[in-house]
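Let me begin by presenting the structure, written as structure tokens, before commenting on it.
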Amino acid sequence: MKIETTILNRAKKYFVLASAFIFFLTVLSFVTQQGPWKAPASADQKKNPLASNEQSIAAGRTLFMKDCATCHGKKGKGDGPSAAALGVDFTDFASASFQGQSDGALFWKISEGRKPMPSFKKQYQEQQIWQVVNFIRTLKK
């Protein structure tokens with residue numbers, strides 16, 4: 001009886017330690033993922049094939065308001081109605097640091113996504129992603 005209790009207590013300890021370790025790895029993964037979001041050099045060098053004209057910007061605005069503004073806000077300030085619930089600090093799209101990114105970097109980020117932001121590469125055609133990039137460029141100060 002005493003041996004069974006000892007074995008059971010050891011099993012509980014190992015289970016608690018294993019659970020704590022898995023929790024630690026999960027938290028570490030989330031924290032690491034939420035660090036600076038940098039596009040790869042290959043994406044950074046990609047050029048926007050669309051002219052930034054009224055039609056392209058209007059189409060991008062429509063897509064942005066439909067799928068992005070709920071978190072990023074209508075002016076890209078990160079103040080959309082769903083933003084607070086996500087517990088993420090959103091970058092101000094009008095900031096110099098954000099606007100200093102290449103069109104290719106923005107295209108890559110929209111395409112790939114990063115939690116909690118979904119990937120849009122299956123939802124949008126390439127042209128549509130470029131249109132969103134063109135609209136985002138109008139949000140600078």
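Here are some notes:
- Consider region 36-45 and keep the residues that are under 13 Å from Glu112 (Cβ atoms) and in a loop (DSSP other than H, G, I, E, B). The one that is farthest from the chain's Cα centre (by Cα) is Pro40.
- Flag if Ser82 is polar (S, T, N, Q), touching a helix residue (DSSP H, G or I) at 6+ places or on another chain (Cβ under 7 Å) and at pLDDT 95 or above: no
- Within region 84-97, the set of residues being under 16 Å from Trp37 (Cβ atoms), in contact with a Gly (Cβ under 8 Å, 6 or more places away or on another chain) and not charged (D, E, K, R) comprises Phe90, Thr91, Phe93.
- Every residue from region 112-134 that is over 20 Å from Ala83 (Cα atoms) and either in contact with a helix residue (DSSP H, G or I) (Cβ under 9 Å, 6 or more places away or on another chain) or of a type in the set (D, E, K, R) (or both): Lys121, Lys122, Gln123, Tyr124, Glu126, Gln127, Gln128, Ile129, Trp130, Gln131, Val133, Asn134
- Within region 91-110, being farther than 20 Å from Gln45 by Cβ, free of Cβ contacts under 8 Å to residues at least 24 places away in the same chain and buried (at least 17 other Cβ atoms within 10 Å of the Cβ) holds for one residue alone: Asp92.
- Candidates are the residues of region 111-138 that are in contact with a Phe, Trp or Tyr (Cβ under 8 Å, 6 or more places away or on another chain) and crowded, with 20+ Cβ neighbours inside 10 Å; the one that is nearest to Asn48 (Cα to Cα) is Trp130.
- Among residues of region 72-90 being without any contact (Cβ under 8 Å) to a residue 60 or more places away in the chain and in contact with a Phe, Trp or Tyr (Cβ under 7 Å, 6 or more places away or on another chain), the one that is surrounded by the most Cβ atoms within 10 Å (Cβ to Cβ) is His72.
Here is a yes/no grid of residues against (1) modelled with pLDDT under 95; (2) assigned to a loop (DSSP other than H, G, I, E, B); (3) not assigned by TED's automatic domain parsing to the domain that holds Ser97:
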| residue | (1), (2), (3) |
| --- | --- |
| Lys47 | no, yes, no |
| Ala51 | no, yes, no |
| Ala59 | no, no, no |
| Thr62 | no, no, no |
| Met65 | no, no, no |
| Lys75 | no, yes, no |
| Gly78 | yes, yes, no |
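- Here Lys122 does not fit the description of being in contact (Cβ under 8 Å) with a residue 60 or more places away in the chain and of a type outside the set (A, V, I, L, M, F, W, C).
The values are calculated or read from the model by the stated rules, or taken from the named source; none is laboratory data. Bear in mind that the values here come from a model prediction, so they are computed numbers and not experimental data. Methodologically, a virtual Cβ is constructed for each residue, glycine included, from the backbone with ideal geometry; neighbour enumeration extends over all protein chains shown.
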